[in-house]
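Trainee: Please read through the structure below; I'll follow up with questions.
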Amino acid sequence: MDNEKNLGPKIALLALPESTPAAIYGLYEVFLSAGRTWEQLTGEPSDVRLMTPRIVTADGRPVDTAYGLNIAPHEAMGEADIVIVTDLVLNDDKPFAGLWTRQIDWLHDRYASGATICSVCTGTAVLAEAGLLDGLEATTHWSLTDVLRRSYPEVRIVAQKILVPAGPEHRIITGGGATAWEELALYLVARFCSPAEAVRIAKIFLFGDHSEGQLPFAGVQRPRRHDDAVISEIQCWIADNYHRANPVAAMVAQSGLTERTFMRRFRAATGFAPMEYVQTMRVEEAKHLLETTEMPVDQVAIEVGYEDPNFFRRLFKRRVGVTPARYRQRCSKLRLLEGRV
């Protein structure tokens, strides 16, 4: 249960009259999922810190936002470890001065108290107006770069970047385009929970380059429940012995059943043929090694039970949709954040 876990940072998602709702609700769902959803989907226990996202407004009252959607907050602006200003619909012909006076005072108070202050897309305008970006690099949506450069010459706009951590201890973070909130979410999960949890969140929400389909994001679903005690014992045994040679023959021997009976009962209980089940476990362990180590791919193959690295590569690509090297490359950016936690 949540109250038995280590609670992590409280995150305030600031809703303004200029806000668009997608990033606010998207970030809320992602942060609420950290440390919770992967365990629900796969049955794999999680002990990462839980994030506490809250949608806030200046006075705790609902606000009519851009595109006509009303956002009902959880509470008024108050204590928070992380504050995020999401993308806004702005009129570039009007100055921003005076638009967010109360919210800017709160941002200064939170930053002075040690909070991390973030923006997404055009939300960078609020941080610039607050003076929090003076002397720092920052990014924003490409359409706002000229306006920010003219209005806030002390800010070093680097619009080509998607995510820019800046300032002491990287407590100021700006994101580029509207969907940069996905990058920001993964960064914050990696930094405040763990890089491994960020990888799991990317798999759950299919964050990243989608051109290679869903397979690179997929995890093993929660095992099917069944009442076959013999097969349950074999599942426990193979969890520690999947790397062995001739695993199916060893499973049959462990079960004490005839091969034909074992094959039938195993499929009926788990929904998998025995070798398919073993391959699934091997591939999942290989993915874990690729995510968390620099072990050469050939050695990963051996570690999970394949003496022929070329066969392993073909099997991995068939089941995951990308090669082992490509899979590692997809995860490498998140792993680089480990040193910043």
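The values are calculated or read from the model by the stated rules, or taken from the named source; none is laboratory data. Nothing here was measured: the structure is a model prediction, and the numbers come from that model. Note that each Cβ is placed from the backbone with ideal geometry, even for glycine, and that neighbours are counted across all protein chains shown.
Trainee: For the stretch 149-208: of the residues being surrounded by fewer than 17 Cβ atoms within 10 Å (Cβ to Cβ) and of a type in the set (Asp, Glu), which is farthest from the chain's Cα centre (by Cα)?
Mentor: 154
Condition check ((1) modelled with pLDDT of 95 or more; (2) within 26 Å of the chain's Cα centre (by Cα)) across all residues:
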site	(1), (2)
6	no, yes
46	no, yes
52	yes, yes
94	no, no
113	yes, no
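Trainee: Right, next: Quick one: in the stretch 20-44, of everything that is under 17 Å from residue 195 (Cα atoms) and charged (D, E, K, R), which residue is modelled with the highest pLDDT? Give the steps one after another, and end with the answer.
Mentor: Keep residues of the stretch 20-44 that are under 17 Å from residue 195 (Cα atoms), which gives 30-39, 44.
Imposing the further condition that a residue be charged (D, E, K, R) reduces the set to 36, 39, 44.
Working: 36: 92, 39: 89, 44: 85.
By that ranking, first place goes to 36.
Trainee: Still on this structure, please answer the following. Kindly state which strands (runs of 3 or more DSSP E) lie completely within the stretch 1-91 and contain at least 1 residues that are assigned by TED's automatic domain parsing to the domain that holds residue 142 and among the basic types (Lys, Arg).
Mentor: 7-14, 50-57
Trainee: Here is a list: 285, 294, 233. Which entry is under 30 Å from residue 198 (Cβ atoms) and surrounded by fewer than 14 Cβ atoms within 10 Å (Cβ to Cβ)? Can you show your working first?
Mentor: Values: 285 fails: surrounded by fewer than 14 Cβ atoms within 10 Å (Cβ to Cβ); 233 fails: under 30 Å from residue 198 (Cβ atoms).
None of the other options fit; the residue is 294.
Trainee: What number of residues within the stretch 205-231 satisfy the criterion of being at pLDDT 75 or above and of a type in the set (Asp, Glu)?
Mentor: 2
Trainee: Only one of (1) of a type outside the set (Lys, Arg); (2) closer than 22 Å to residue 244 by Cα; (3) at pLDDT below 90 is not met by residue 296, so which one is it?
Mentor: All conditions pass for residue 296, except number (3).
Trainee: Suppose we keep only residues that are of a type in the set (Val, Ile, Thr) and out of contact with any Asp or Glu (no Cβ under 6 Å at 6 or more places or on another chain) within the stretch 110-140. Which one would you say is surrounded by the fewest Cβ atoms within 10 Å (Cβ to Cβ)?
Mentor: The selected residue is 116.
Trainee: Please verify whether residue 277 is crowded, with 20+ Cβ neighbours inside 10 Å, farther than 30 Å from residue 163 by Cα and outside the structural domain of residue 196 (by TED's automatic domain parsing), treating the condition exactly as stated.
Mentor: In short, yes.
Trainee: If I go through the stretch 166-198 residue by residue, how many of them are assigned to a helix (DSSP H, G or I) and either touching a strand residue (DSSP E or B) at 6+ places or on another chain (Cβ under 6 Å) or at negative phi (or both)?
Mentor: 18
Trainee: Listed residues 99, 69, 107; which is buried (at least 17 other Cβ atoms within 10 Å of the Cβ) and closer than 23 Å to residue 180 by Cα?
Mentor: One residue alone meets the criteria, 107.
Trainee: Another one. Out of the residues in the stretch 79-96 meeting the condition of being farther than 15 Å from residue 123 by Cβ and touching a residue at least 60 places away in the same chain (Cβ under 8 Å), tell me which one is surrounded by the fewest Cβ atoms within 10 Å (Cβ to Cβ).
Mentor: That would be 79.
Trainee: Additional query: On the basis of being under 23 Å from residue 55 (Cβ atoms), under 27 Å from the mean Cα position of the chain (by Cα) and part of a loop (DSSP other than H, G, I, E, B), does residue 124 make the cut?
Mentor: Criteria not met by residue 124.
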